[in-house]
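Read-outs: derived from the displayed coordinates by stated rules, not from any lab. This one's a predicted model, so the numbers in the text were calculated from it and none came from an experiment. Here the Cβ positions follow ideal geometry from the backbone for every residue, glycine too, while neighbour counts run over all protein chains shown.
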Amino acid sequence: MIQTLRLVTNTPEETQAVGHALGAHAQAGDIFLLTGPLGAGKTCLTQGIARGLGVEGYVRSPTFVLMTRHHGRLTLHHVDLYRIDGAEAAWDLGLDEQLSGGGVCVVEWADKAEELFPGSSLWIDLAYCGSEERRTLSFSGGLRHHREALEELSADHLPDPGKDA
């Protein structure tokens with residue numbers, strides 16, 4: 001399990017680059033749990049993860065369909081819980097199948113059902129950071145290969161000076 005790490009991105013492209021690094025290091029069974037306010041960059045980060053997995057085509061938020069699947073080096077199960085009211089409703093959707101589906105699972109609005117996720121999941125909280133495009137990404141939980149991906153990125157993205165890194 002990794003301790004909390006914070007990175008700052010200045011553009012959507014930098015947020016996608018963070019996702020790309022995570023996707024490139026991803027292994028079957030990885031679960032990325034995304035939280036943060038509307039517009040904070042959850043789907044942008046997911047698009048980067050998808051590219052890192054070799055997914056071709058555009059990845060959009062599955063807000064209305066709730067779950068989508070994309071094929072690359074590993075299958076990406078993309079879940080959006082924005083319209084879900086609690087863990088029971090998420091479970092009724094078949095979330096357990098996505099979590100154990102053998103690919104990589106990215107869950108936006110994961111805090112709506114946090115009790116369903118295993119302790120090995122990587123939690124990523126995205127927050128606005130002083131400007132319209134600048135974001136702070138806070139990482140907690142996860143596994144050793146998640147830490148390796150994040151350490152590679154940390155040289156390029158300075159910690160948020162307003163918070164402890």
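Just a few scattered comments:
- Added length on full extension, which subtracts the Cα-Cα distance from 0.36 nm per residue, Glu88 to Arg60: 7.6 nm
- For region 122-139, putting each phi into the Karplus relation 6.51 cos²θ - 1.76 cosθ + 1.60 with θ = phi - 60° gives couplings of 9, 8, 10, 9, 9, 9, 5, 9, x, 8, 4, 9, 7, 10, 9, 10, 10, 10 Hz, in residue order, rounded to whole numbers and with x for Gly and Pro.
- Length available on full extension from Glu152 to Ala24: 0.36 nm per residue minus the Cα-Cα distance, which gives 44.9 nm.
- Computed helical MRE - 222 nm, the chain, DSSP H runs ≥ 4 contributing -39500 (n - 2.57), nearest 500: -8000 deg cm²/dmol
- Packing here is the average count of other Cβ atoms within 10 Å per residue, and on that basis the peptides 20-31, 89-100, 129-140, highest first, run 20-31, 129-140, 89-100.
- Cα gyration tensor, region 2-154 - rounded (a/c under 1.5), prolate or oblate: rounded
- Direction-averaged projected area, Cα convex hull, region 39-90: 3.9 nm², rounded to one decimal.
- Phi-derived couplings, Karplus 6.51 cos²θ - 1.76 cosθ + 1.60 at θ = phi - 60°, listed residue by residue for region 86-100: x, 5, 4, 5, 5, 5, 5, 6, x, 4, 4, 5, 5, 5, 10 Hz, with x used for Gly and Pro.
- Proportion of all alpha-carbon pairs of region 23-68 beyond 16 Å (%): 42
- Sequence ranges 110-120, 4-14, ranked by mean other-Cβ count within 10 angstrom, highest first: 4-14, 110-120
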